[in-house]
Amino acid sequence: MAIDPTRIPRYEHGSRVPGWDDAVDLTKEPAVVPDPATTPVPAELRAEIEQHMSRYPDFRSAAIPALHAAQRLHGWCSPTAIEQVACVMRLTPGYLTAVATFYDMFETTPKGRVDVYVCTNISCSLRGADRIYAAMLDAAGTDPDFHVKSFECLGACDIAPMASVDGEYVGPLEEADCARIVEDVKAGRPVLESKQLRHMKVAGSEE
Amino acid sequence: MKQLFYDNLDQPGLNTLAVYRRDRGGYEMLAKALDMDPADVLHELQASGLRGRGGAGFAMGTKASFLPKGDMDKYVVCNADESEPGTFKDRELMQKNPHLLIEGICIAAHAVGANKAFIFIRGEYQLQADILEAAVDEAKAANLTGKLDLWVHRGAGAYICGEETALLDALEGKRGNPRLKPPFPAVQGLYRGPTLINNVETLMNAPIILRMGGGEYAKIGTERSTGTKVVSVSGCVQRPGNYEVPLGVPSREILYGLAGGPPEGRAIKFWFPGGSSSPVLPGTDEYLDLPYDFESMAKAGSMLGSAAIIVVDDSVPVMDVALKTAKFYRHESCGKCTPCREGTNWTEKMLMRMESGEATPMDLDIMASVCEQIIGNCLCVLGDSMAMPIGSMIKHFREEFEAHIEAARERNGLGMVA
């Protein structure tokens, strides 16, 4: 019996499975190590990267901490951010782009200022993480300040379902909490303070 | 029950040097170790029988003894990239008792003659990394780390970096791709130098072993699985959390006694004994009565892994868990080895076919054969880590998969397969 193609869920790019990477433009010249004379780097960023470089026997070890610093400053690993790191570390932007695209915490496309990672791995999804993720997307709506991302296990299955809001772990979440998270962030308050992991006692102890 | 880590772990201020020294005899064991010959420290660690707490369960003392003697630059790397789904023990230990880890690292560094050490912590653990950094600064200011140059290095989110050689690549500032072994890190690791790489909980055991004596420590637990183990229990249980138990307690005691068992009116369908990489075990008495230690879990066809128990109750279709598992490993495969890169990708695709109703029961056999061909054919065990649980789910719940496939076909108007 023939399969009705309209009944098969597909991703935007037409495939039934999520894809890997975007295609590479093979006609472009490879970028070289940026020239310090023509690449202005903010003094603070330069100092932070150089400090990281001094800690390791091989300066390249500072690539990840340097990209963290640049992403914090620029909001994402933009071509400018990558170029500045490359300039200080004397590496090619290509090398750093390869590193940045490997790790989940680096974004090579523009993103909102506040990272909301919702864990949707096994333990959290057994406790309704997929609903929380949908509610979080709803709550953040089209607000450009928020970068909501479903994340692999964040290592806090004891408070499942949970999320990390700019590094602050909160859980166990209910759908109504998602709106609270958005409100708290906007008001500059600590996020869902009563549900923060930092205050949790060990399991089995009296509250 | 004997508790080495969780005894009053919530004590306020335990993360500060002052309280750690005053109430826990902090850094006394480091002083004792520094007075001992490195070979004697190594001997104590070997006598304890301590096995790695990260997943592989390799004897820690033996691993340390593989490092060559001599004056070359040697490294200790603490693997704090806890990313195995279901595992969250290191997070709590580091957050609440960071100095115990630092003391353990210093002792291990003395035992192997290392002069530089790094704590590679996953980037998502920002609170824990801040706490560790503050603790390292305190220890350095009090001149406790001596000649050892110790730094906290934050990762940036990649499951594969928990694999030791991928972690070393990440620490060297590259994409986290595993390396061909041998050479093992003990001989050629970080910056091509001899490297001891151990999990957080393993290193935290070092000061405890020195205090008790290796022989005395070995009396806890079973003969070949010594010591206590922090077990992370999560999923469909009433009291998820970290529980410290001596190795060898009945699994039932952890799942039901400590974690409270499944929610009211539900039964355990199956459970992962050691993180999402471990083959699942059904929730029957035969398996629940097994002692929770390295040997018994291996004998039952699974593994202790990182000791993260994920419980799945009978309200959850096995297909959902299989799809989540496959999706995770497909996303986290670094792409270096073909069997893993393609195998995880195709396994997810086949599971999605089963969901969408395009699959036939034959696809189950194809999927099982894809999984079989991943195992043992890659540089690291990430692919195996998907293949083994998926394979075990097919083995234990084949009928449910088949029924699921049939139901999806009918929903899709494709009818039954004769």
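Inside the stretch B:192-250, can you point out the residues that are of a type outside the set (S, T, N, Q), touching a Leu at 6+ places or on another chain (Cβ under 9 Å) and in a helix (DSSP H, G or I)?
The answer is B:200, B:201, B:203, B:204, B:206, B:207, B:208, B:209, B:210, B:212, B:214, B:217.
Hey, could you check the stretch A:137-152 for residues that are among the acidic types (Asp, Glu) and surrounded by fewer than 17 Cβ atoms within 10 Å (Cβ to Cβ) and say which is farthest from the chain's Cα centre (by Cα)?
A:138
All but one of (1) surrounded by 14 or more Cβ atoms within 10 Å (Cβ to Cβ); (2) within 14 Å of chain B (Cβ to nearest Cβ); (3) without any contact (Cβ under 8 Å) to a residue 60 or more places away in the chain hold for residue A:201, so report the exception by its number.
(1)
Condition check: touching a Lys or Arg at 6+ places or on another chain (Cβ under 8 Å) and within 14 Å of another protein chain (Cβ to nearest Cβ). Does residue B:129 satisfy that?
So residue B:129 passes the test.
Please list, ordered by residue number, the helices (runs of 4 or more DSSP H) wholly in the stretch B:337-418 having 3 or more residues that are of a type outside the set (Ser, Thr, Tyr) and touching a residue at least 40 places away in the same chain (Cβ under 8 Å).
Per the criteria, B:338-356, B:382-411.
Among A:174, A:207, which is the only one that is at pLDDT 95 or above and exposed (fewer than 15 other Cβ atoms within 10 Å of the Cβ)?
Checking each option against the conditions leaves just A:174.
Confirm whether residue B:322 is crowded, with 21+ Cβ neighbours inside 10 Å, under 26 Å from residue B:235 (Cα atoms) and in contact (Cβ under 8 Å) with a residue 60 or more places away in the chain.
yes
Hey, any hits in the stretch A:114-135 for a residue that's part of a helix (DSSP H, G or I) and under 22 Å from residue B:119 (Cα atoms)?
Scanning the stretch A:114-135, I find no residue that is part of a helix (DSSP H, G or I) and under 22 Å from residue B:119 (Cα atoms), so the answer is no.
Of the numbered conditions (1) surrounded by fewer than 21 Cβ atoms within 10 Å (Cβ to Cβ); (2) within 14 Å of another protein chain (Cβ to nearest Cβ); (3) hydrophobic (A, V, I, L, M, F, W, C), residue B:152 fails exactly one; give the number of that condition.
Exception for residue B:152: condition (1).
If residue A:147 satisfies all but one of (1) more than 10 Å from chain B (Cβ to nearest Cβ); (2) touching a helix residue (DSSP H, G or I) at 6+ places or on another chain (Cβ under 6 Å); (3) assigned to a strand (DSSP E or B), what's the number of the condition it fails?
Every condition holds for residue A:147 apart from (2).
Counting just the residues of the stretch B:52-73 that are closer than 26 Å to residue B:159 by Cα and assigned to a loop (DSSP other than H, G, I, E, B), which one comes out farthest from the other protein chains (Cβ to nearest Cβ)?
Among residues in the stretch B:52-73 that are closer than 26 Å to residue B:159 by Cα and assigned to a loop (DSSP other than H, G, I, E, B), the one farthest from the other protein chains (Cβ to nearest Cβ) is B:58.
For the list (1) surrounded by fewer than 19 Cβ atoms within 10 Å (Cβ to Cβ); (2) in a loop (DSSP other than H, G, I, E, B); (3) out of contact with any strand residue (DSSP E or B) (no Cβ under 6 Å at 6 or more places or on another chain), I need the number of the one condition that residue A:155 fails.
Here residue A:155 meets the rest and fails (1).
Taking interchain pairs and intrachain pairs at least six residues apart, which have beta carbon atoms under 6 angstrom, with the first residue in the stretch A:149-166 and closer than 19 Å to residue A:182 by Cβ and the second charged (D, E, K, R) and not in a strand (DSSP E or B)?
Close Cβ pairs (under 6 Å, with a partner that is charged (D, E, K, R) and not in a strand (DSSP E or B)) amount to A:161/A:127.
Please specify each residue of the stretch A:158-183 satisfying the condition of being outside any loop (DSSP other than H, G, I, E, B) and either among the aromatic types (Phe, Trp, Tyr) or within 19 Å of the chain's Cα centre (by Cα) (or both).
A:163, A:164, A:165, A:168, A:169, A:170, A:178, A:181, A:182
Restricting to the stretch B:81-103, count the residues that are facing another protein chain (nearest Cβ under 10 Å) and closer than 19 Å to residue B:167 by Cβ.
So the answer is 10.
Only one of B:200, B:237, B:280 is closer than 30 Å to residue B:27 by Cβ, within 14 Å of chain A (Cβ to nearest Cβ) and buried (at least 21 other Cβ atoms within 10 Å of the Cβ); which?
B:200
Does residue A:70 meet the test of being over 30 Å from residue B:194 (Cα atoms), more than 11 Å from chain B (Cβ to nearest Cβ), touching a residue at least 12 places away in the same chain (Cβ under 8 Å) and assigned to a helix (DSSP H, G or I)?
yes
Filter the stretch B:24-51 down to residues that are assigned to a loop (DSSP other than H, G, I, E, B), surrounded by fewer than 22 Cβ atoms within 10 Å (Cβ to Cβ) and among the small types (Gly, Ala, Ser), then give me how many there are.
1
Would it be correct to say that residue A:56 is part of a loop (DSSP other than H, G, I, E, B), at pLDDT 95 or above and aromatic (Phe, Trp, Tyr)?
Yes: the conditions hold for residue A:56.
For residues in the stretch B:283-311 being β-branched (Val, Ile, Thr) and buried (at least 24 other Cβ atoms within 10 Å of the Cβ), which is farthest from residue A:124 (Cα to Cα)?
Among those that are β-branched (Val, Ile, Thr) and buried (at least 24 other Cβ atoms within 10 Å of the Cβ), it is B:309.
The values are calculated or read from the model by the stated rules, or taken from the named source; none is laboratory data. Just so we're clear, the structure is a prediction, and the values are computed from it rather than from any experiment. Virtual Cβ from ideal backbone geometry, glycine too; neighbours counted across all protein chains shown.
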